[in-house]
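*Asks:* Below you will find the structure I want to go over with you.
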Amino acid sequence: MTDLTDRTGAPGTVPVRRLGRLARAWRAGALLAGALLALWGSVLGNDVYWPFGPMSQFAFRVGPDDAIHSIYLQARTTDGEIRVVSLNAPSVGSGRAEVEGILPAYRRDPALLGALAENYHRLHPDRPQLVELWLRDRVTVLRNGRDAGRRDDLLVTWRMP
Amino acid sequence: VSRAAAWLYPEVPLARLALLRVAVYAFVVCDMFWVVDDVVPHARGVASLYRPLVLREWLHLPVPNPGYVLTVRAVVIVACVLAASGRAGRGPGRLAGFLVAAGFTDWVSIGMSYGKIDHDHFALIVAVWVLPTAGAARWWGPRVLSPAAGWALVCVQCGCVAIYFLSAVAKVRYGGWDWVTGSTFAWAMTRRGTGLGRALLEPPWVLVAAQIGLFSMELLTPAILFLRARWRYLAIAGLGAFHLITYLTLGIHFLPLVVCLLAFLPLERVLERPRFGRFGRSTGTGLTGQPPPGAGAAPSSASPASGAG
């Protein structure tokens, strides 16, 4: 590797690529605009304004007596087997957090589960298809911040028409 | 005014910017395969799950299909190689840089358009857009100082700080001030904690203390922008440790942000001849390119100790 400082010789001889007035002005303006957009998104905006949405991952509060929800997907395949199907993009084209992100849409329109089944078929054409799906919620109940038992809720079902 | 200008346009060695480009563009390529790695399966899937961001709708970016996303990725990879090489001319280099910026923004925005939005890419998106603005930069050859490079680094630094600080803002907005006393970390550890992470669930005050620590740290990060070199490096090391712990307990690596933290470091020093004992005596020149107190009119001496060689 080259030792850059050794080559430049005496102090004070290093060239500086100065910036003109206009070059400074637009840079200051761009940084200010970016900062204002980010601040605006965080205070008033929401996720769809990415990259200027609020930095809201893990920003929600879970009370010490609330419940922890974690959804998963169960399926019956064409050969009759009932099993848990990985809820991630390589498996069904959507991840767990993505499904949770639009959970109300799944509740309103269970056909969206059919979209996951269709994705599974497209991504794994050689495997048995998913003909019936159950979107379930593994609920961990908290008491004073401690695990106080689990239950399993059924959220949405879909069956291939 | 001059103090503000010195902060906004610090004269930093172009070699530092050139090396940050290498790191960022190399990471962008890896990112498309191992971080935002769900774009291709999304594009192969059913379009009814597509929930486009406002950005995609405004720019009329297409509903992703496999041909489109694979083309975008190929273009970004080629542009990354060109932009990182430091050998493309001024014009082509800039063009390649902005191609990376546009293509990578497109790619990541597709990843965020299926119901889950992550905020770990904010600084990296800032980086790909500002890095081309500094023009040609090489990590070899004679030393040149550039306020344009300095501004680009300041932008990336602000992008990093924004992620931390605005995370704290979001916690107050969504969780309220009592977010810190809640069980959000317990929620995270229960859902996706590693063995180490789950071990922290008991007793509950451990994670509450961690929440207080994280929230305080996030609120304090803007100070890093105004710290002098050595304290700055210490703060960056602290953030690095935080990300390491997050990875070990939750499996969340936040690498797109970690790579941007390099913008705080005097990267060009990796090119200097290693000399025992030098690091400890270095002064505040690393980040600003300004001379240390008493170094006379020597804006050049980013590493004053090595001038004698």
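The values are calculated or read from the model by the stated rules, or taken from the named source; none is laboratory data. All of these numbers come straight from a predicted model, not from anything done at the bench. So basically every Cβ, Gly included, is an ideal-geometry build from the backbone, and we count neighbours across all protein chains shown.
*Asks:* Out of the residues in region A:101-111 that are part of a helix (DSSP H, G or I) and touching a strand residue (DSSP E or B) at 6+ places or on another chain (Cβ under 8 Å), which is nearest to A:Pro161 (Cα to Cα)? Show your work before the answer.
*Replies:* Taking region A:101-111 as the starting set, the residues that turn out to be part of a helix (DSSP H, G or I) are A:101, A:103-108, A:111.
Remaining after also requiring touching a strand residue (DSSP E or B) at 6+ places or on another chain (Cβ under 8 Å): A:103, A:106-107, A:111.
Details: A:Leu103: 22, A:Tyr106: 17, A:Arg107: 18, A:Ala111: 10 Å.
So, considering only residues that are part of a helix (DSSP H, G or I) and touching a strand residue (DSSP E or B) at 6+ places or on another chain (Cβ under 8 Å), the one nearest to A:Pro161 (Cα to Cα) is A:Ala111.
*Asks:* Somewhere in region B:247-260, is a residue over 28 Å from B:Arg198 (Cα atoms), surrounded by 21 or more Cβ atoms within 10 Å (Cβ to Cβ) and either out of contact with any His (no Cβ under 9 Å at 6 or more places or on another chain) or modelled with pLDDT under 90 (or both)?
*Replies:* Checked against the condition, which is being over 28 Å from B:Arg198 (Cα atoms), surrounded by 21 or more Cβ atoms within 10 Å (Cβ to Cβ) and either out of contact with any His (no Cβ under 9 Å at 6 or more places or on another chain) or modelled with pLDDT under 90 (or both), region B:247-260 yields at least one hit.
*Asks:* Given the structure, is B:Tyr114 more than 21 Å from B:Tyr247 (Cβ to Cβ) and in contact with a His (Cβ under 6 Å, 6 or more places away or on another chain)?
*Replies:* Criteria met by B:Tyr114.
*Asks:* Taking into account only those residues within region A:44-56 that are more than 14 Å from B:Val126 (Cβ to Cβ) and more than 7 Å from chain B (Cβ to nearest Cβ), which is surrounded by the most Cβ atoms within 10 Å (Cβ to Cβ)?
*Replies:* Filtering first and then ranking leaves A:Gly45.
*Asks:* B:Ala210 - would you say it is in a helix (DSSP H, G or I), of a type in the set (Gly, Ala, Ser), within 13 Å of chain A (Cβ to nearest Cβ) and surrounded by 15 or more Cβ atoms within 10 Å (Cβ to Cβ)?
*Replies:* So B:Ala210 passes the test.
*Asks:* Give me the pairs: first residue in region B:37-55 and within 7 Å of chain A (Cβ to nearest Cβ), second residue of a type in the set (Val, Ile, Thr), beta-carbon distance under 6 Å, and six or more apart or on different chains, which are they?
*Replies:* B:Leu53/A:Val48; B:Val54/A:Val48
*Asks:* Out of curiosity, is B:Lys116 within 30 Å of A:Gly149 (Cα to Cα), of a type outside the set (S, T, N, Q), facing chain A (nearest Cβ under 7 Å) and crowded, with 22+ Cβ neighbours inside 10 Å? Break it down into steps so the answer makes sense when it comes.
*Replies:* Numbers: within 30 Å of A:Gly149 (Cα to Cα): yes; of a type outside the set (S, T, N, Q): yes; facing chain A (nearest Cβ under 7 Å): yes; crowded, with 22+ Cβ neighbours inside 10 Å: no.
Against the criterion (within 30 Å of A:Gly149 (Cα to Cα), of a type outside the set (S, T, N, Q), facing chain A (nearest Cβ under 7 Å) and crowded, with 22+ Cβ neighbours inside 10 Å), B:Lys116 does not qualify.
*Asks:* Still on this model: In this structure, is B:Val172 assigned to a helix (DSSP H, G or I), more than 7 Å from chain A (Cβ to nearest Cβ), touching a residue at least 24 places away in the same chain (Cβ under 8 Å) and touching a helix residue (DSSP H, G or I) at 6+ places or on another chain (Cβ under 8 Å)?
*Replies:* no
*Asks:* In region A:113-132, which residue that is of a type outside the set (Phe, Trp, Tyr) and touching a Gly at 6+ places or on another chain (Cβ under 8 Å) is nearest to A:Thr78 (Cα to Cα)? First the steps, then the outcome.
*Replies:* Within region A:113-132, the first condition is being of a type outside the set (Phe, Trp, Tyr), and the residues that meet it are A:113-119, A:121-132.
Still in the running and touching a Gly at 6+ places or on another chain (Cβ under 8 Å): A:115-116, A:118-119, A:122-123.
Details: A:Ala115: 16, A:Leu116: 15, A:Glu118: 13, A:Asn119: 15, A:Arg122: 15, A:Leu123: 16 Å.
Result: A:Glu118.
*Asks:* Give the residue, chosen from A:Glu118, A:Glu98, that is touching a Phe, Trp or Tyr at 6+ places or on another chain (Cβ under 9 Å), charged (D, E, K, R), buried (at least 17 other Cβ atoms within 10 Å of the Cβ) and not in a strand (DSSP E or B).
*Replies:* A:Glu98 is the lone residue from the list that is touching a Phe, Trp or Tyr at 6+ places or on another chain (Cβ under 9 Å), charged (D, E, K, R), buried (at least 17 other Cβ atoms within 10 Å of the Cβ) and not in a strand (DSSP E or B).
*Asks:* Moving on. Tell me the residue from B:Ala134, B:Ala123 that is touching a strand residue (DSSP E or B) at 6+ places or on another chain (Cβ under 9 Å), crowded, with 22+ Cβ neighbours inside 10 Å and of a type in the set (A, V, I, L, M, F, W, C), please.
*Replies:* Criteria check complete, one pass: B:Ala134.
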